[in-house]
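None of the figures in this text is laboratory data; all of them are computed from the coordinates on show. Note that the coordinates shown come from a computational prediction; the quantities given were computed from them, not determined experimentally. Here the Cβ positions follow ideal geometry from the backbone for every residue, glycine too, while neighbour counts run over all protein chains shown.
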Amino acid sequence: MKIIYLAWGSLYWNPDFLPIASWIQSNLFLPLEFSRISDNGKGRLTLVIDEKNGMYNNIWYAFSKENNVNKAINYLKKREKTSLNNIAYINLKNGNARITNTSLKIANKIKEFAADNSFDVVIWTDLESNWTKIMNNNYTVARAYNYFKESDLETRLRILEYVYKAKMLTKIETNFSKYFFDKLK
């Protein structure tokens, strides 16, 4: 079985115990933005697939060293410290899939990418933007920057580290990261 994981954020530079080979830059582009607040609205801004606010970025994949699909899914669930509902997968071998937050349009792009590359299963973290739910307003880069400025020092440092690593290690650039680095000049 050719099982792959998709990555665009901290999974890339901190896979923990995820049994993977090295990351490979794909030819798959997904709309990403820092429009999720981790730790139930108290933590850093994190990258998610965001069709409304995101910029299309070239993402990464790695082959799983685990050949059992359910075990591979559970490794990512454990690494992400989330529920199975937030781990999406498409199994091209048997037609099974679980996609909770990713739109059908984006899921079809992912499926096409997997088929074009003869991958059997593709697995990714399927978290949605929670900005509106947490902040009670629509996401904008200015509001995200204000969230950064108003956060405690530890959270500001975690946001800075995440945005910096996303740009430098994964080459991810979003509307927020452009605004963020411009403001820091």
Any hit, the stretch 165-184, residues being without any contact (Cβ under 8 Å) to a residue 40 or more places away in the chain, under 17 Å from the mean Cα position of the chain (by Cα) and in a helix (DSSP H, G or I) = yes
Quick one: is Lys65 surrounded by fewer than 23 Cβ atoms within 10 Å (Cβ to Cβ), without any contact (Cβ under 8 Å) to a residue 60 or more places away in the chain and under 14 Å from the mean Cα position of the chain (by Cα)?
-> no
Result of the Cβ filter at 9 Å on the stretch 106-122, keeping first residues that are closer than 14 Å to Lys93 by Cα and partners that are in a helix (DSSP H, G or I) and among the β-branched types (Val, Ile, Thr), at least 6 apart or interchain, is Asp120/Val69; Val121/Val69; Val121/Ile73; Val122/Ile110
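Has the stretch 51-61 got at least one residue that is more than 28 Å from Tyr147 (Cβ to Cβ), in contact (Cβ under 8 Å) with a residue 24 or more places away in the chain, in contact with a strand residue (DSSP E or B) (Cβ under 9 Å, 6 or more places away or on another chain) and crowded, with 21+ Cβ neighbours inside 10 Å? Explain how you work it out, then say what you get.
First pass over the stretch 51-61, keeping only residues more than 28 Å from Tyr147 (Cβ to Cβ): 61.
Within this subset, residues satisfying the condition of being in contact (Cβ under 8 Å) with a residue 24 or more places away in the chain are 61.
After this cut, where a residue has to be in contact with a strand residue (DSSP E or B) (Cβ under 9 Å, 6 or more places away or on another chain) as well, the list is 61.
Then drop every residue that is not crowded, with 21+ Cβ neighbours inside 10 Å, which leaves 61.
Within the stretch 51-61 (the criterion being more than 28 Å from Tyr147 (Cβ to Cβ), in contact (Cβ under 8 Å) with a residue 24 or more places away in the chain, in contact with a strand residue (DSSP E or B) (Cβ under 9 Å, 6 or more places away or on another chain) and crowded, with 21+ Cβ neighbours inside 10 Å), the answer is yes, since at least one residue qualifies.
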Go through the stretch 107-120 and give me each residue that's among the aliphatic types (A, V, I, L, M), under 20 Å from Leu47 (Cα atoms) and surrounded by fewer than 21 Cβ atoms within 10 Å (Cβ to Cβ).
-> Ala107
Any idea how many residues of the stretch 73-105 are touching a residue at least 24 places away in the same chain (Cβ under 8 Å), buried (at least 16 other Cβ atoms within 10 Å of the Cβ), part of a helix (DSSP H, G or I) and out of contact with any Phe, Trp or Tyr (no Cβ under 8 Å at 6 or more places or on another chain)?
-> 2
Report the residue count in the stretch 121-144 for those that are surrounded by 14 or more Cβ atoms within 10 Å (Cβ to Cβ) and out of contact with any helix residue (DSSP H, G or I) (no Cβ under 8 Å at 6 or more places or on another chain).
-> 3
Restricting attention to the stretch 10-45, report how many residues are part of a strand (DSSP E or B) and basic (Lys, Arg).
-> 1
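This table checks each residue for (1) over 21 Å from Tyr12 (Cα atoms); (2) charged (D, E, K, R).
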| position | (1), (2) |
| --- | --- |
| Asn96 | yes, no |
| Lys105 | yes, yes |
| Glu112 | yes, yes |
| Thr125 | no, no |
| Trp131 | yes, no |
| Tyr139 | yes, no |
| Lys149 | yes, yes |
| Ala166 | no, no |
| Ser177 | no, no |
Across the stretch 145-154, the tally of residues that are assigned to a helix (DSSP H, G or I) and surrounded by 12 or more Cβ atoms within 10 Å (Cβ to Cβ) stands at 4
Subset of the stretch 46-61 [assigned to a strand (DSSP E or B) and farther than 15 Å from Leu6 by Cα] | Thr46, Met55
Search result, residues across the stretch 30-83 that are over 16 Å from Arg98 (Cβ atoms) and of a type in the set (Ser, Thr, Tyr) | Ser35, Ser38, Thr46, Tyr56, Tyr61, Ser64
